[in-house]
Amino acid sequence: MARVVGNIPPHGGQLVNRVLRGTLGEAALEKAQSYPQVQLTQMAASDLEMISVGAFSPLTGFMTKDDYDSVIDTMRLSNSLPWSIPVTLPVDEPTANSLKEGDEIALMDGDFLMGILTLAEKFPADVEREAREVYRTTEEAHPGVARLYRQGDWLLGGEVFMLNGPKNVEFPELRHEPAQTRRMFASRGWRRTVAFQTRNPIHRAHEYIQKSAMEIVDGLFLHPLVGETKADDIPADVRIESYQTILRDYYPADRVLLGVFPAAMRYAGPREAIFHAIARKNYGCTHFIVGRDHAGVGNYYGTYDAHHIFEEFDPGELGITPLFFDYAFFCKKCGMVVSSKTCPHSREDWVYLSGTQVREMLERGEMLPAEFTRPEVSRVLMEGVQAKKRDEQSDS
Ligand SMILES: [Zn+2]
């Protein structure tokens with residue numbers, strides 16, 4: 001394995017690389033034509049990529065039963081390294097019955113051969129326990145739990161190689177892999193880099209949080225998730241344009257890097273905060289911003305559960321340093337963006353809109369209040385949402 005660049009070692013010590021390129025890849029691809037085929041779910045395709053490029057180091061494949069059980073019950077891999085979310089390859093029972101341990105399997109995204117798996121073990125998923133422990137609910141209204149219930153009942157564990165990157169990727173120029181971001185941070189001279197995970201536009205509150213963090217580190221890695229999300233989240237292309245706009249106009253170019261995080265969203269709240277932090281450590285970040293209700297959905301998690309869960313690990317075990325932030329907003333009396341920690345005034349003085357209010361305003365073609373969102377960003381969002389609406393109307 002190549003020497004790893006960066007100021008923080010990857011999780012488990014080595015940056016995994018399971019991408020077969022060049023003649024090795026071509027030879028493997030030719031052999032794989034005769035393998036039995038398994039269709040990847042959208043999430044499994046994303047996970048295959050994340051494993052292969054090292055974002056999920058030290059995982060080298062989909063989990064076998066030991067790791068699956070251990071992660072669900074203890075938030076640790078079977079070797080006791082912290083890991084909070086199962087990374088599995090679900091299939092239906094007939095598919096599982098058609099395969100035997102030791103088989104080489106072609107991993108398909110439609111008719112596109114994306115990678116190969118050496119089947120180490122097949123075992124039944126324990127969906128209810130996974131829902132209860134990982135998502136903290138067994139309700140089907142939870143989008144992560146709903147996906148769990150929809151998927152196949154059997155899991156295939158074993159090491160993988162990716163032979164072809166995913167098809168039709170969005171933003172290829174922003175899809176920096178962990179080995180690349182480590183070099184990019186080093187070449188900019190950043191010793192300490194803070195990562196910001198988001199699936200939302202950057203409103204003034206997020207800018208405040210990012211810039212507060214930037215005061216104590218060297219650089220910001222703005223790392224929006226563009227993998228599978230809920231249908232009602234703002235479309236990824238609109239979000240990316242809004243990020244580029246705010247970075248251009250309001251951030252020093254030599255202290256920020258924008259990259260996309262191709263992981264699928266689980267909406268597992270606190271457990272996913274740990275998962276997101278570990279992945280960003282693999283990208284070479286030393287610090288990770290954890291906001292209120294990180295990776296949450298609905299009312300399934302307490303506002304600060306994603307902060308408290310970090311207390312269950314010794315700081316040295318995770319390696320990356322979490323930076324916890326409170327609820328931020330513009331306060332008319334303070335005349336600036338503040339948080340519930342720093343503002344003594346009451347709610348009536350705060351300019352705050354819920355995600356639903358934001359969506360409704362943008363759909364009506366209204367600009368968001370300037371105290372809430374920079375006008376440049378507001379315009380991009382409003383025009384993007386309007387264009388999407390026109391497309392949907394002309395399709396129907
Ligand atoms: Zn105030």
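What's the total number of residues in region 58-95 that are of a type in the set (D, E, K, R) and either closer than 20 Å to Arg18 by Cα or free of Cβ contacts under 8 Å to residues at least 60 places away in the same chain (or both)?
Applying the first criterion (of a type in the set (D, E, K, R)) to region 58-95 yields 65-67, 69, 73, 76, 92-93.
With either closer than 20 Å to Arg18 by Cα or free of Cβ contacts under 8 Å to residues at least 60 places away in the same chain (or both) added as a condition, the list becomes 66-67, 69, 76.
So the answer is 4.
Within region 51-80, track down each residue that is surrounded by fewer than 22 Cβ atoms within 10 Å (Cβ to Cβ) and within 20 Å of the chain's Cα centre (by Cα).
Pro58, Thr60, Ile72, Met75, Arg76, Leu77
Quick check, is Thr303 polar (S, T, N, Q), at pLDDT below 95 and either over 30 Å from Ser52 (Cα atoms) or crowded, with 23+ Cβ neighbours inside 10 Å (or both)? It would help to see each step written out before you state the result.
Working: polar (S, T, N, Q): yes; at pLDDT below 95: yes; either over 30 Å from Ser52 (Cα atoms) or crowded, with 23+ Cβ neighbours inside 10 Å (or both): yes.
The answer is yes for Thr303.
Suppose we filter Met114, Met108 for residues that are touching a residue at least 40 places away in the same chain (Cβ under 8 Å) and surrounded by fewer than 21 Cβ atoms within 10 Å (Cβ to Cβ); which single one remains? I'd like the intermediate steps shown before the answer.
Working: Met114 fails: surrounded by fewer than 21 Cβ atoms within 10 Å (Cβ to Cβ).
Selected residue: Met108, the only one of Met114, Met108 that is touching a residue at least 40 places away in the same chain (Cβ under 8 Å) and surrounded by fewer than 21 Cβ atoms within 10 Å (Cβ to Cβ).
Does any residue of region 279-294 turn out to be in contact with a Pro (Cβ under 9 Å, 6 or more places away or on another chain), surrounded by 23 or more Cβ atoms within 10 Å (Cβ to Cβ), among the aliphatic types (A, V, I, L, M) and part of a loop (DSSP other than H, G, I, E, B)?
The answer is no; no qualifying residue exists.
Scan Glu376, Glu360 and give me the residue that is in contact with a helix residue (DSSP H, G or I) (Cβ under 7 Å, 6 or more places away or on another chain), more than 16 Å from the ligand (Cβ to nearest atom) and in a helix (DSSP H, G or I).
Numbers: Glu360 fails: in contact with a helix residue (DSSP H, G or I) (Cβ under 7 Å, 6 or more places away or on another chain).
Being in contact with a helix residue (DSSP H, G or I) (Cβ under 7 Å, 6 or more places away or on another chain), more than 16 Å from the ligand (Cβ to nearest atom) and in a helix (DSSP H, G or I) holds for just one of Glu376, Glu360, which is Glu376.
Just give me the residues in region 335-357 being in a strand (DSSP E or B) and within 28 Å of the chain's Cα centre (by Cα), in sequence order. Before the answer, list the steps.
Taking region 335-357 as the starting set, the residues that turn out to be in a strand (DSSP E or B) are 336-339, 350-351.
Listed by number, the residues that qualify are Val337, Val338, Ser339.
Out of (1) closer than 18 Å to Met114 by Cβ; (2) of a type in the set (Lys, Arg); (3) touching a helix residue (DSSP H, G or I) at 6+ places or on another chain (Cβ under 7 Å), the odd one out for Arg175 is which?
Result: Arg175 fails condition (3) only.
Among the helices (runs of 4 or more DSSP H) contained in region 1-96, which hold 2 or more residues that are closer than 30 Å to Ala306 by Cβ? Break it down stepwise before answering.
Details: elements: 22-32, 42-52, 65-74.
Helices (runs of 4 or more DSSP H) meeting the threshold: 42-52, 65-74.
Out of Phe324, Phe372, which single residue is touching a strand residue (DSSP E or B) at 6+ places or on another chain (Cβ under 9 Å) and farther than 25 Å from Asp249 by Cα?
On the way: Phe372 fails: farther than 25 Å from Asp249 by Cα.
Checking each option against the conditions leaves just Phe324.
Among the residues of region 316-334, are any outside any strand (DSSP E or B), away from the ligand (no atom under 12 Å from the Cβ) and free of Cβ contacts under 8 Å to residues at least 24 places away in the same chain? Explain how you work it out, then say what you get.
Looking only at region 316-334, we keep the residues that are outside any strand (DSSP E or B), and these are 316-320, 325-327, 332-334.
Right, trim to away from the ligand (no atom under 12 Å from the Cβ) and you get 316-320, 325-327.
Keeping just the survivors that are free of Cβ contacts under 8 Å to residues at least 24 places away in the same chain gives 316.
There is at least one residue in region 316-334 that is outside any strand (DSSP E or B), away from the ligand (no atom under 12 Å from the Cβ) and free of Cβ contacts under 8 Å to residues at least 24 places away in the same chain.
Taking region 61-110, which residues are of a type in the set (Ser, Thr, Tyr) and at positive phi?
To start, the set of residues in region 61-110 that are of a type in the set (Ser, Thr, Tyr) comprises 64, 68, 70, 74, 78, 80, 84, 88, 95, 98.
Listed by number, the list holds a single entry, Ser80.
The values are calculated or read from the model by the stated rules, or taken from the named source; none is laboratory data. In this text the structure is predicted, and so the values were computed from the model without any measurement. For neighbour counting, all protein chains shown are included, and Cβ atoms are generated from backbone atoms with ideal geometry for every residue, glycine included.
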